1. In the list LEU7, LEU29, which residue meets the criterion of being in contact (Cβ under 8 Å) with a residue 12 or more places away in the chain and under 20 Å from the mean Cα position of the chain (by Cα)?
2. Please indicate, with yes or no, whether at least one residue in the range 77-94 is in contact with a His (Cβ under 8 Å, 6 or more places away or on another chain), open to solvent by less than 30 Å² (accessible area, probe 1.4 Å) and either touching a residue at least 60 places away in the same chain (Cβ under 8 Å) or not in a loop (DSSP other than H, G, I, E, B) (or both).
3. Do we find a residue being of a type in the set (Ser, Thr, Tyr) and either under 14 Å from the mean Cα position of the chain (by Cα) or farther than 18 Å from ILE68 by Cβ (or both) anywhere in the range 126-140?
4. Every residue in the range 117-166 that is surrounded by fewer than 15 Cβ atoms within 10 Å (Cβ to Cβ), touching a strand residue (DSSP E or B) at 6+ places or on another chain (Cβ under 7 Å) and not in a helix (DSSP H, G or I), please.
5. Given the structure, is ARG66 open to solvent by 80 Å² or more (accessible area, probe 1.4 Å) and at pLDDT below 90?
6. Output the number of residues of the range 112-125 satisfying the condition of being more than 11 Å from LEU24 (Cβ to Cβ) and touching a residue at least 40 places away in the same chain (Cβ under 8 Å).
7. Search the range 169-202 for residues being open to solvent by 70 Å² or more (accessible area, probe 1.4 Å) and under 26 Å from SER94 (Cβ atoms), and hand back the single one that is nearest to the chain's Cα centre (by Cα).
8. Which residue, of ARG108, ARG61, ARG66, is within 24 Å of GLU127 (Cα to Cα) and either without any contact (Cβ under 8 Å) to a residue 24 or more places away in the chain or in contact with a helix residue (DSSP H, G or I) (Cβ under 7 Å, 6 or more places away or on another chain) (or both)?
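The values are calculated or read from the model by the stated rules, or taken from the named source; none is laboratory data. These numbers were taken from a predicted model, which means no experiment stands behind them. FYI the Cβ positions are ideal-geometry reconstructions off the backbone, even for glycines, and counts take in every protein chain you see. Keep in mind that these areas ignore ligands, DNA and RNA; they rest on the heavy atoms of the full protein, side chains included. Shrake-Rupley method; radii C 1.70, N 1.55, O 1.52, S 1.80 Å.
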Amino acid sequence: MKKAHFLRNFPFFQDLEKEDLDKLNPLFLTRTYEKDTDVFREGEAGDELYIIHSGIVKIYRDDEVRDIILAIFRDDDFFGEMALLGNEQVRSASAKTMEKTVLYVLKRKDFVSLVHDTPKISLRILETALDRLRKTNEMITDLTMRDARTRIIKMMHRLIEKHGVSQKSGVLIDLKLTHQQIADMTGTVRETVTKVLLDLQNQQAIEVKKKKIYICNLAEFERLVET
């Protein structure tokens, strides 16, 4: 898909007139990253907003012992806005590709001009940032107040909201995740993830196929989320 067509259909820019889109299009740089490549690192100066044309990017923090995955973004999503919205312009987390990824990149000076001229875009970015902050607070609560099994179940529930694809008799989390990555998202260890997933499969609440989790008994899974 050509960049101009992609940006025209991106939610933030759907209200722009064609002439405004024509001005916006050349401001975005196109960058391609191979799998497991850093886009930026925590603590670095940040002056760019990223829109994912294709691929998957994880946002994480390094606590010197392990990575803590905060979010996973894919096609038609964006990240990197926090450094542009704040005064310090320093990355609060790191970003790394999980597969080959193509990004459209907007510099801060162009970003500031864009939101100044188009208040609707600023409002939409703010709404998304606040929603992400709410979900991050929920995740922190889970990490500090829940047992490992509950953390893993709650994490899968969040992934359903973001990456769920409805199937005939359930929901597929359309994201390949290793047990270690799930552990990094839930503050547990790989062995615990393996045990919990096996237990959930024995309960016939989920199935794991080619590293993707399929919620085959949605009613039972929802019951587990609420307990």
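1. LEU7
2. no
3. Yes; the residues of the range 126-140 include at least one that is of a type in the set (Ser, Thr, Tyr) and either under 14 Å from the mean Cα position of the chain (by Cα) or farther than 18 Å from ILE68 by Cβ (or both).
4. Answer for the range 117-166, where residues must be surrounded by fewer than 15 Cβ atoms within 10 Å (Cβ to Cβ), touching a strand residue (DSSP E or B) at 6+ places or on another chain (Cβ under 7 Å) and not in a helix (DSSP H, G or I): just VAL165.
5. The answer is no for ARG66.
6. 3
7. Step by step, filter the range 169-202, then rank; the result is LYS176.
8. Result: ARG108 is the single residue among ARG108, ARG61, ARG66 that is within 24 Å of GLU127 (Cα to Cα) and either without any contact (Cβ under 8 Å) to a residue 24 or more places away in the chain or in contact with a helix residue (DSSP H, G or I) (Cβ under 7 Å, 6 or more places away or on another chain) (or both).
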